[in-house]
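Asks: Have a look at this one.
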Amino acid sequence: MTTATQPRGRARTANNPVATRSERLRRATRWWPALLLVVLLTVPYSALPLPGLLDGPIGSPGNLQLLALCLLFGGLATGYDLLLGRTGLLSFGHALYFAAGTYVTNTVMLEAGLPFAVSALSGLLAGAVLSALLGAVSLRASGIGFSMVTLAFAQAASILVQRDPGGVTGGEEGRAAPADRLPASLVGIEHTANLYWMALAYLVVVLVVVQWAVRSPTGRVWEGIKENERRVEVLGLRPYGFKLVAFVLAGTLAALGGIVYLLLTGGATPQTTTSDFTLSLLVMVVLGGSGTRWGPMIGGILYTWADQRLGDLAGSGAVASLPSVVRVPLSQPLFLLGALFVAVIYLLPGGVARLPARLRTARTSRAADREEVLQP
């Protein structure tokens, strides 16, 4: 007589109701990214208000512009996390490649008179080549030395842009994009929905590319480099080449984001070349959760939304009527953002994206403790 045996994992799941509920919940929420994408695609058609979060209907041009910026920076932070969260490289010069996509595309349209498609391809190629050249030099250093080299390159480029050599960059004022060279479907307030969909497409492309890269054999080497670079060398692999691939891929995705930013804002501005811009990306990644699938995207969206909305709050009449001791700090958006960032770091270590896992762990431990108490 034989007895049927269940697989060990399945038997353990059957004896653990908490694990069974978690497995059911995981299967039920497997398709939430696709459902969320469908919802985001229909946002321009929505007239629903979100009091406190947005002013007026969701589908209004002003709100679509804000949401497009949120999606853009969500994708940009995800690409930056290829360096910080996946490979362990702290770069302070990532803004340089974003600005390369913006400025090269705009300059080619203005100076050479070429159409947008050719100019955008030039901007993307410039970002890839620049990241390959500067990455090849920067990666000769490691640790804080690498960070300082990237910062030096970014500062040099920022100064060059502000000096406006030959009147090409526009100096501190920047240069507006030529409307006659841009696609007609992307110009004007009546086409804000198209710009929103373009920002959404950029976010999807970045998520797909990053996820594909992380799951590839190269991505596994990145993980090993982050954990212990010396061990990767012992295995006979050259970390330098793998780190350069991550650097170039992140820089190319940033250049693509710079092109989308040019369309959203209608011009190139020197603010995108500063180290403060890269520091904002760093805050976005840490806020959402470095090294996670969705964390950098969440951090980029939350930070961009808070940057806009807290600025409105700082200039509101409610803040102006407060005593000076309270009014002065609250009237500074950076103070509010800094306070929010510190609160998240202390209350949610690991970022917002790790909050569900922390809640599941706490719930499982409480259930296990309850079972131990009930056992005779």
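The values are calculated or read from the model by the stated rules, or taken from the named source; none is laboratory data. What you see is a predicted model; the values in this text were computed from it and never measured. Here the Cβ is made from the backbone with ideal geometry for all residues, glycine too, and neighbour counts use every protein chain on show. For the accessible areas, the whole protein counts, side chains as well, though only heavy atoms, and no ligand, DNA or RNA atoms are used. Shrake-Rupley method; radii C 1.70, N 1.55, O 1.52, S 1.80 Å.
Asks: Just to be sure I understand, how many residues within region 293-309 are farther than 20 Å from residue 92 by Cβ and in contact with an Asp or Glu (Cβ under 8 Å, 6 or more places away or on another chain)?
Replies: 1
Asks: State which residue pairs qualify: first residue under 23 Å from residue 161 (Cα atoms) and inside region 174-186, second residue part of a loop (DSSP other than H, G, I, E, B) and of a type in the set (Val, Ile, Thr) in any location, beta carbons under 8 Å apart, and separation of 6 or more residues or different chains.
Replies: 174/269; 175/169; 179/187
Asks: Next question. If we scan region 270-282, do we find a residue that is modelled with pLDDT of 90 or more, open to solvent by 10 Å² or more (accessible area, probe 1.4 Å) and of a type in the set (Val, Ile, Thr)?
Replies: No, because not a single residue in region 270-282 is modelled with pLDDT of 90 or more, open to solvent by 10 Å² or more (accessible area, probe 1.4 Å) and of a type in the set (Val, Ile, Thr).
Asks: Moving on. Restricting to region 163-176, count the residues that are open to solvent by less than 80 Å² (accessible area, probe 1.4 Å) and either of a type in the set (D, E, K, R) or in contact with a Ser or Thr (Cβ under 8 Å, 6 or more places away or on another chain) (or both).
Replies: Residues meeting the conditions: 5.
For (1) touching a Lys or Arg at 6+ places or on another chain (Cβ under 7 Å); (2) of a type outside the set (Phe, Trp, Tyr); (3) part of a helix (DSSP H, G or I), each residue gets a yes or a no:
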{"residue": "76", "(1), (2), (3)": "no, yes, yes"}
{"residue": "80", "(1), (2), (3)": "no, no, yes"}
{"residue": "83", "(1), (2), (3)": "no, yes, yes"}
{"residue": "89", "(1), (2), (3)": "yes, yes, no"}
{"residue": "104", "(1), (2), (3)": "no, yes, yes"}
{"residue": "117", "(1), (2), (3)": "no, yes, yes"}
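Asks: To continue, here is another question. Which residues, taken from region 39-63, are closer than 19 Å to residue 191 by Cα, assigned to a helix (DSSP H, G or I) and not polar (S, T, N, Q)?
Replies: 40, 41, 43, 44, 45, 61, 62, listed by residue number.
Asks: Go through (1) touching a Pro at 6+ places or on another chain (Cβ under 6 Å); (2) open to solvent by 60 Å² or more (accessible area, probe 1.4 Å); (3) more than 30 Å from residue 37 (Cα to Cα) one by one and return the number of the condition residue 232 breaks.
Replies: Every listed condition holds for residue 232 apart from (2).
Asks: Those residues that are modelled with pLDDT under 75, part of a helix (DSSP H, G or I) and surrounded by fewer than 18 Cβ atoms within 10 Å (Cβ to Cβ), I need them from region 297-318; list them, please.
Replies: 311, 312, 313, 317, 318, listed by residue number.
Asks: Residues of region 265-302 being of a type in the set (Ser, Thr, Tyr) and closer than 20 Å to residue 99 by Cα, which ones? Walk me through it before giving the result.
Replies: Our first condition is that a residue be of a type in the set (Ser, Thr, Tyr); within region 265-302, this holds for 265, 269, 272-275, 278, 280, 290, 292.
Scanning region 265-302 gives 265, 269, 272, 273, 274, 275, 278, 280.
Asks: Restricting attention to region 107-126, which residues are open to solvent by 60 Å² or more (accessible area, probe 1.4 Å) and of a type in the set (Gly, Ala, Ser)?
Replies: Once the filter is applied, which keeps residues that are open to solvent by 60 Å² or more (accessible area, probe 1.4 Å) and of a type in the set (Gly, Ala, Ser), region 107-126 yields 112, 117.
Asks: Report whether or not residue 244 is touching a residue at least 60 places away in the same chain (Cβ under 8 Å), in contact with a Gly (Cβ under 7 Å, 6 or more places away or on another chain), open to solvent by 10 Å² or more (accessible area, probe 1.4 Å) and assigned to a helix (DSSP H, G or I).
Replies: yes
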